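All remarks here apply to the structure that follows.
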Amino acid sequence: MTWGRVAAAAAITVVALLTVAGCARKPAQKAEAGQVAAPLATPTTEEGCRACNGVFGQHGIEPTRRCICRTGDAGKKCRGKDDCEGECVGDLGDREVTEPGSPPRGFWIGRCAEMRTTFGCHVFLPGKATTPVRLDEAPGQMCVD
């Protein structure tokens, strides 16, 4: 390989790395009103887990001991996962009707989960709800082990 090819390959590698680094999600410094800050890294030790007020141990069907941190917004009303640090759980079937009629339209309302990871069978409300949906068709449950 000639020095010209080596230099060209090195330049392409540097450009690729800079492109990937520029696209990487940067942690939020401060959450804007109505936004949730980017998730923090999950601690890998019991000591680190205590720092996030988490539970260190076996969770779900995974035999490896790990940490699940508590969220700071547990119990807050939400329309979707983007409103919460963890999941937006809509098990109670609460709804906000914005367009009365047959069928009524609006938003399913949930509560932010206590833990960053939620196990069991629940109605997990996805993303950020911005468009009213039919409220005569309840969202389905999903089970997480």
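Report yes if some residue within the range 133-140 is touching a Cys at 6+ places or on another chain (Cβ under 8 Å) and open to solvent by 60 Å² or more (accessible area, probe 1.4 Å); otherwise report no.
Pass one, the range 133-140, residues touching a Cys at 6+ places or on another chain (Cβ under 8 Å): none.
Within the range 133-140 (the criterion being touching a Cys at 6+ places or on another chain (Cβ under 8 Å) and open to solvent by 60 Å² or more (accessible area, probe 1.4 Å)), the answer is no, since none of the residues qualifies.
Given the criteria closer than 19 Å to Thr42 by Cβ, among the basic types (Lys, Arg) and surrounded by 12 or more Cβ atoms within 10 Å (Cβ to Cβ), does Lys76 qualify?
Working: closer than 19 Å to Thr42 by Cβ: no; among the basic types (Lys, Arg): yes; surrounded by 12 or more Cβ atoms within 10 Å (Cβ to Cβ): yes.
No: the conditions fail for Lys76.
Can you tell me which residue among Ile61, Ile68 is among the aliphatic types (A, V, I, L, M) and open to solvent by less than 60 Å² (accessible area, probe 1.4 Å)? Don't jump to the end; show me each part of the working.
On the way: Ile61 fails: open to solvent by less than 60 Å² (accessible area, probe 1.4 Å).
The match here is Ile68.
Identify, by number, the condition in (1) modelled with pLDDT of 95 or more; (2) closer than 16 Å to Val144 by Cα; (3) open to solvent by less than 80 Å² (accessible area, probe 1.4 Å) that Gly120 doesn't meet.
(1)
The values are calculated or read from the model by the stated rules, or taken from the named source; none is laboratory data. Nothing here was measured: the structure is a model prediction, and the numbers come from that model. When we count neighbours, we look across all protein chains shown, and the Cβ atoms used for this are built from the backbone with ideal geometry, even at glycine. Heads up: the accessible areas ignore ligands, DNA and RNA and are worked out on the full protein's heavy atoms, side chains in. Shrake-Rupley method; radii C 1.70, N 1.55, O 1.52, S 1.80 Å.
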